[in-house]
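Report on the following structure.
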Amino acid sequence: MLLQIDSTLPLDTMMTAAQQTIPPAEDLRFIDILIKGGWVMIPLAFLLLAGLVIFIERYLTIRKANRHEKNLTAQVKQSILSGKLESAIAVCRSNNSPLSRMLQKGLLRIGRPIKDIEGAIENVGKLEVAKLEKNINILGIIAGIAPMLGFVGTIIGVISIFHEVELEGVINIGTVSGGLYVKMVSSATGLIIGIIAYIGYHILNEMVDRIILRMETDAIEFIDLLEEPIS
């Protein structure tokens with residue numbers, strides 16, 4: 001009799017009752033996915049943070065140094081041709097850029113042999129380039145370490161899978177899912193961080209190379225300017 005009564009229930013009522021017996025699927029948040037990557041995610045997060053801090057700091061510094069002083073060389077040239085050496089030095093001091101510091105060192109050496117002036121400018125140029133390249137190599141190191149840490153997570157995940165299989169005695173989705181999470185999440189995170197650091201490393205190096213080329217070009221023009229009265 002009870003079975004007959006249940007069979008006569010409306011279809012929508014039966015479907016509602018069936019849905020209530022099925023547990024709702026839990027939404028997997030991004031942070032939950034990262035947590036499943038295991039302890040390897042901690043050093044990976046540190047590498048990501050360090051890489052972002054270095055890139056932003058270096059990018060702003062290099063961009064500031066990359067401002068092309070269109071009037072600097074012209075002002076220095078005009079002051080030298082007018083015999084106003086102190087005025088040319090004052091222009092360089094007020095500019096406060098790698099190029100201005102190079103030219104200032106050359107101006108302070110005027111009166112000495114050209115080779116001495118070239119050597120002084122070259123030495124200042126090397127120091128300025130070293131300042132610009134500070135910590136950029138760390139990005140290259142992060143680009144190499146992050147994928148390797150991800151690979152360590154892969155090994156840990158595989159070990160975890162075999163350990164669970166040994167304990168359970170059977171292979172099913174429950175015994176391998178935890179290790180697969182560690183394996184895949186850590187590997188993907190390491191590769192992503194490595195790619196970001198690799199791109200940032202080459203962007204900064206390209207910016208520094210442009211500054212070096214401009215500094216060399218302007219230094220050559222400055223030396224030619226000093227040799228003009230002699231030729």
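Annotations for the structure displayed:
- Residues of the stretch 105-137 that turn out to be of a type in the set (A, V, I, L, M) and closer than 15 Å to residue 222 by Cβ, as a count: 8
- From 208, 182, 170, residue being surrounded by 12 or more Cβ atoms within 10 Å (Cβ to Cβ) and modelled with pLDDT under 65: 182
- Residue in the stretch 127-139 that is of a type in the set (Gly, Ala, Ser) and either open to solvent by less than 30 Å² (accessible area, probe 1.4 Å) or modelled with pLDDT under 75 (or both) present: no
- Counted residues, the stretch 46-56 - those being aliphatic (A, V, I, L, M) and under 15 Å from residue 191 (Cβ atoms): 2
- Filtering 20, 4, 75 for residues that are at pLDDT 75 or above, open to solvent by 60 Å² or more (accessible area, probe 1.4 Å) and more than 23 Å from the chain's Cα centre (by Cα) leaves a single hit, 75.
- Residue in the stretch 105-125 that is within 30 Å of residue 153 (Cβ to Cβ), of a type in the set (Gly, Ala, Ser) and open to solvent by less than 60 Å² (accessible area, probe 1.4 Å) present: no
- The stretch 82-98 - residue that is part of a helix (DSSP H, G or I) and in contact (Cβ under 8 Å) with a residue 24 or more places away in the chain and, of those, surrounded by the fewest Cβ atoms within 10 Å (Cβ to Cβ): 85
The values are calculated or read from the model by the stated rules, or taken from the named source; none is laboratory data. These figures come from a predicted structure and were not determined experimentally. Positions of Cβ are backbone-derived with ideal geometry, glycine not excepted, and every protein chain shown enters the neighbour counts. Heads up: the accessible areas ignore ligands, DNA and RNA and are worked out on the full protein's heavy atoms, side chains in. Shrake-Rupley method; radii C 1.70, N 1.55, O 1.52, S 1.80 Å.
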